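Chemist: Provided herewith is a single structure, encoded as structure tokens, for subsequent inquiry.
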Amino acid sequence: MPEVGPVRGRRLGVDVGSVRVGIALSDPGGVLATPLVTLDHDAEAGTDLDRLVALVDEHEVVEVVVGLPRTLAGRDGPAAQAAQEYAAATRERLAAAGRHDVPVVLSDERLTTVAATRQLSDRGVRGRKQRRVIDQAAAVAILQGHLDARRATGGTPEPS
């Protein structure tokens, strides 16, 4: 896997769920994460992975950051295993598309969905409307945490 360094460019944040996949995008300077889109998780045909690769090309992404949902004790459960498999599948799809230059990294995402839900509720976004954007909000939290850690360590966050 290519080494993650202080390369300038946009990054995608990915929150993998069993039903939906939230996607966030950073600015080219890697300072601010914003919501981009929510994809339907298609475990059978992988159309979400195809769309993810298209987003990498469309936005000239230099790194994909997949949230790794560890337990509060720091252990990997079924959700973490699913995220690791999704990251591996993303690497394979990117390689098949000739994008070996785009690293896919895992980033600890403990409590990001909880924080995103609370933040949306505080803004008055609830119910069905919240379900449509919660995955994007979690992806923003994952990516923003990664960007902040990257800046704090001079360009290379601690591996997850």
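Chemist: Output the residue which, of all residues in the stretch 126-160 that are in a loop (DSSP other than H, G, I, E, B) and within 20 Å of G17 (Cα to Cα), is modelled with the lowest pLDDT.
Modeler: So the residue we want is S160.
Chemist: Can I ask one more? Give the residue that is surrounded by the most Cβ atoms within 10 Å (Cβ to Cβ), with candidates limited to residues of the stretch 55-67 that are within 15 Å of the chain's Cα centre (by Cα) and part of a helix (DSSP H, G or I).
Modeler: It comes out as V56.
Chemist: Still on this structure: When A45 is evaluated against the numbered criteria (1) under 14 Å from the mean Cα position of the chain (by Cα); (2) not in a strand (DSSP E or B), which criterion, by number, is the only one it fails?
Modeler: (1)
Chemist: Six or more apart or on different chains, Cβ under 8 Å: which pairs go from a residue in the stretch 58-70 that's over 17 Å from L106 (Cβ atoms) to one that's charged (D, E, K, R)? Could you list them?
Modeler: H59/R10; E60/R10
Chemist: With in a helix (DSSP H, G or I) and at negative phi as the only criterion, which of R91, R99, R70, R75 stands out?
Modeler: R91
Chemist: I'd like the residue in the stretch 21-34 that is buried (at least 19 other Cβ atoms within 10 Å of the Cβ) and more than 14 Å from A87 (Cα to Cα) and, out of all such residues, is nearest to the chain's Cα centre (by Cα).
Modeler: This residue is A24.
Chemist: So if I check each of P28, P35, which one is of a type outside the set (D, E) and part of a loop (DSSP other than H, G, I, E, B)? Show your work before the answer.
Modeler: Details: P35 fails: part of a loop (DSSP other than H, G, I, E, B).
Exactly one residue qualifies, and that residue is P28.
Chemist: Quick one: count up the residues across the stretch 102-125 that are at pLDDT 60 or above and of a type outside the set (S, T, Y).
Modeler: Result for the stretch 102-125: 13.
Chemist: Which condition from (1) touching a helix residue (DSSP H, G or I) at 6+ places or on another chain (Cβ under 8 Å); (2) modelled with pLDDT under 95; (3) hydrophobic (A, V, I, L, M, F, W, C) is the one that A73 breaks?
Modeler: Tallying (1) touching a helix residue (DSSP H, G or I) at 6+ places or on another chain (Cβ under 8 Å); (2) modelled with pLDDT under 95; (3) hydrophobic (A, V, I, L, M, F, W, C), A73 fails exactly one: (1).
Chemist: Out of all the residues in the stretch 68-97, which are among the hydroxyl-bearing types (S, T, Y) and within 13 Å of the chain's Cα centre (by Cα)?
Modeler: If we filter the stretch 68-97 for residues that are among the hydroxyl-bearing types (S, T, Y), which is where we start, we get 71, 86, 90.
Within the stretch 68-97, Y86, T90 qualify.
The values are calculated or read from the model by the stated rules, or taken from the named source; none is laboratory data. Remember, predicted model here, so these are calculated numbers, not experimental data. Ideal geometry is used to build each Cβ from the backbone, glycine not excepted, and the neighbour counts take in all protein chains shown.
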